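The values are calculated or read from the model by the stated rules, or taken from the named source; none is laboratory data. Just so we're clear, the structure is a prediction, and the values are computed from it rather than from any experiment. No Cβ is skipped: glycine too gets one built from the backbone with ideal geometry, and neighbour counts run over all protein chains shown.
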Amino acid sequence: MNKSPLGASGPTRRDVLAGAAATAAGLLLPAMARAQEPKRGGRLRLAVSGGSSTDSLDPTAITGAMVGALIGQARNGLLEIDGSGQLQPELAEAWEAVRPAADRWRLKLRKGVEFHSGKTLDADDIIYSFGLHLRKGSPSALNSVLSGITEIAKDGQDAVVISLSSGNADFPVLLSDPRLQIVQNGDAEFDKGNGTGGYILQEWRHGVRSIAKRNPNYWKAGHGNFDEVETLVIEDINARTSALRTGDIDVMNAVDRSTASLLGAVGGIELVVQNGYKHYTLPMRCDTAPFKDNNVREAIKYAMDRQLLLDRVLYGFGYLGNDHPIPNSLRDFATPTELPQRAYDPDKAKFHLKQAGLGSLKVQLNTSEGAFTGAVDAAVLVQESARAAGIEIEVVRQPSDGYWSNVWRVKPWVMSYWSGRPTADWIFTEGYLSTASYNDAFWANERFDKLLLQARAELDQAKRREMYVEMQRIVSGNGGQCIPVFAADILAKTDKLAHGPVAVNWDMDGYKLADRWWFA
């Protein structure tokens, strides 16, 4: 299994506290990992599941694989996670903690970088980009993640100093989030795709396709190698697979796990398996009956046959979840000794229903292939396993188009997924803090919120880990999320495409596939 960015092979706290400036060669993929140097040329045809007519390149409203692919083509961030799980410089060529308490950070910007518009990158662009997420009332999911920022100040035109309300040794890792891409100061026409990235957006039919051409002034040596990138939304898994087999596309995401091994055996096709942080979730709105009662939530968690989902939905490409979002590759993961794995137990489910004053339960579970590949089949399996506990589930299949705006965070019980995050603080802050924008279970726990803030500023790693383990216990035993499995991302590609080590922090090589890959 690939290590996480903060796992054994990830950056140490010293690495995070001071990032060395990278040479041009350092921005290339490690030479030992490549069979050849990147080559320029060709038209990449990428097919994705996860596009909608409601998609937007507004940094505060980014969801779905199509938008992820586009921002990876058109924009850059300050820092990024590479294929070895290491934190690397991007638009910020160096970073350092100004004070030992890690509550003030200085980032030195790369000089000579231009936006597609021709404007030269400077500190004002950084301040504006952060402000989109930090402004009062911002809908951004990063609003809570970045809420500890008290000030962003210019240090000349080529550096910024970011002050925090309390110490956060993991703060630089947050700057690698694909949604924190840098946009031009004052630019609000986000769907035009103006950025500093390797490709200039030429055409975008929302929910259908996009065309982007290579940026001739791209600053990043060895990247942005294709002449043109066509990104297609093909939600139907069979149509996506057929397009790859017939040579109509070069690479696809969200491979059908049930046929992945067979597809990988086809001549000229290769699989790329990303074992990362992605997990499938079934958030229950804790502000809505019957899920206000934790006994009901516990009943549903015990009524779910996780092994069945792992075997028949993931086909073994993943591992069991324990109703909290921390992957087993992170150092802060609660081990089975610290938090025993929840097992399928209809009798315990019935006990909790009885504690809730119920003899049986009828609920609706909203699902869609737009939630994740196999989500409809997964919902049916959940329905079947819950019957033994006296829980009757009506599976409501929703349209893929508009699922994330009309169903997720709207209906009382839905199927969803998280790509995960490279630190425990990050995923907890974004999805579980009571005030978090993406708290899709609408869950609040005073003890959890208090521990989260304490852990963020705790520089003693052993004490910090104890807090995170307790938080995992709270979320697993009291939270509104049922997290049955962690899932590997699987790409399938023509063997004519080459690449270095693949990042696992997000789908499609950290959404950097078009930026990092090339035709052999």
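Of note:
- Residue check, Asn217 under 23 Å from Tyr417 (Cβ atoms) and surrounded by fewer than 21 Cβ atoms within 10 Å (Cβ to Cβ): no
- Number of the condition not met by Gly77 [criteria: (1) surrounded by fewer than 17 Cβ atoms within 10 Å (Cβ to Cβ); (2) touching a helix residue (DSSP H, G or I) at 6+ places or on another chain (Cβ under 6 Å)]: (1)
- Evaluated against (1) outside any helix (DSSP H, G or I); (2) surrounded by fewer than 23 Cβ atoms within 10 Å (Cβ to Cβ), Pro325 falls short on exactly one condition, (2).
- Conditions (1) under 15 Å from the mean Cα position of the chain (by Cα); (2) modelled with pLDDT under 95: number failed by Asp460: (1)
- For the stretch 192-205, the criterion of being surrounded by fewer than 21 Cβ atoms within 10 Å (Cβ to Cβ) and farther than 14 Å from Ala74 by Cα is met by at least one residue.
- Every residue from the stretch 150-180 that is crowded, with 17+ Cβ neighbours inside 10 Å and either hydroxyl-bearing (Ser, Thr, Tyr) or more than 21 Å from Asn76 (Cα to Cα) (or both): Leu164, Gly167, Asn168, Ala169, Ser176
- Taking the criterion of being more than 12 Å from Ile474 (Cβ to Cβ) and touching a strand residue (DSSP E or B) at 6+ places or on another chain (Cβ under 8 Å), the residues of the stretch 434-462 that qualify are Asp440, Ala441.
- Check on Phe448, over 16 Å from the mean Cα position of the chain (by Cα), of a type in the set (Phe, Trp, Tyr) and at positive phi: no
- For the stretch 52-72, the criterion of being under 29 Å from Glu151 (Cβ atoms) and in a strand (DSSP E or B) is satisfied by no residue at all.
- Some residue of the stretch 439-456 being in contact with a Leu (Cβ under 7 Å, 6 or more places away or on another chain), under 26 Å from Pro100 (Cα atoms) and not aliphatic (A, V, I, L, M): yes
- Against the numbered list (1) assigned to a helix (DSSP H, G or I); (2) under 20 Å from the mean Cα position of the chain (by Cα); (3) not acidic (Asp, Glu), Ile474 comes up short only at (2).
- Selection status of Pro290, touching a residue at least 24 places away in the same chain (Cβ under 8 Å), over 22 Å from the mean Cα position of the chain (by Cα) and not in a strand (DSSP E or B): yes
- Just one of the listed residues (Thr231, Thr281) is touching a helix residue (DSSP H, G or I) at 6+ places or on another chain (Cβ under 7 Å), at negative phi and hydroxyl-bearing (Ser, Thr, Tyr), and it is Thr231.
- First in the stretch 389-407 and among the polar types (S, T, N, Q), second anywhere and assigned to a strand (DSSP E or B), Cβ under 9 Å, 6 or more apart: Gln398/Asn366; Gln398/Thr367; Gln398/Val414
- Among the residues of the stretch 340-364, those identified as out of contact with any Pro (no Cβ under 9 Å at 6 or more places or on another chain), more than 15 Å from Asn322 (Cβ to Cβ) and among the small types (Gly, Ala, Ser) are Ala349, Gly357, Gly359, Ser360.
- Search result, residues across the stretch 334-383 that are surrounded by fewer than 17 Cβ atoms within 10 Å (Cβ to Cβ) and among the basic types (Lys, Arg): Lys354, Lys362
- Test: residue in the stretch 486-494 that is among the aromatic types (Phe, Trp, Tyr), under 30 Å from Asp256 (Cβ atoms) and buried (at least 23 other Cβ atoms within 10 Å of the Cβ): yes
This table checks each residue for (1) farther than 22 Å from Tyr319 by Cα; (2) crowded, with 20+ Cβ neighbours inside 10 Å; (3) charged (D, E, K, R); (4) at pLDDT 95 or above.
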{"position": "Ile234", "(1), (2), (3), (4)": "yes, yes, no, yes"}
{"position": "Ser242", "(1), (2), (3), (4)": "yes, no, no, yes"}
{"position": "Ile249", "(1), (2), (3), (4)": "yes, yes, no, yes"}
{"position": "Val266", "(1), (2), (3), (4)": "yes, no, no, yes"}
{"position": "Val273", "(1), (2), (3), (4)": "no, no, no, no"}
{"position": "Arg285", "(1), (2), (3), (4)": "yes, no, yes, yes"}
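- Residue within the stretch 258-277 that is at positive phi, assigned to a loop (DSSP other than H, G, I, E, B) and within 20 Å of the chain's Cα centre (by Cα) present: no
- Residue check, Val273 under 28 Å from Ser56 (Cβ atoms) and in contact (Cβ under 8 Å) with a residue 12 or more places away in the chain: no
- Meets criteria (out of contact with any strand residue (DSSP E or B) (no Cβ under 9 Å at 6 or more places or on another chain), within 27 Å of Val229 (Cβ to Cβ) and crowded, with 17+ Cβ neighbours inside 10 Å) for Val183: yes
- Yes/no for Arg110 being over 23 Å from the mean Cα position of the chain (by Cα), among the basic types (Lys, Arg) and modelled with pLDDT under 95: no
- Residue ranges of helices (runs of 4 or more DSSP H) in the stretch 337-428 with at least 2 members modelled with pLDDT of 95 or more and in contact with a helix residue (DSSP H, G or I) (Cβ under 8 Å, 6 or more places away or on another chain): 346-355, 375-386
- Residue that is farthest from His116 (Cα to Cα) [pool: residues in the stretch 217-240 that are among the polar types (S, T, N, Q) and touching a Gly at 6+ places or on another chain (Cβ under 9 Å)]: Thr231
- Identity of the residue in the stretch 152-183, polar (S, T, N, Q) and in contact with a Gly (Cβ under 8 Å, 6 or more places away or on another chain), that ends up nearest to Gly112 (Cα to Cα): Gln181
- Of the helices (runs of 4 or more DSSP H) lying entirely inside the stretch 118-195, the ones with 2 or more residues being modelled with pLDDT under 95 are found at 142-145, 171-174.
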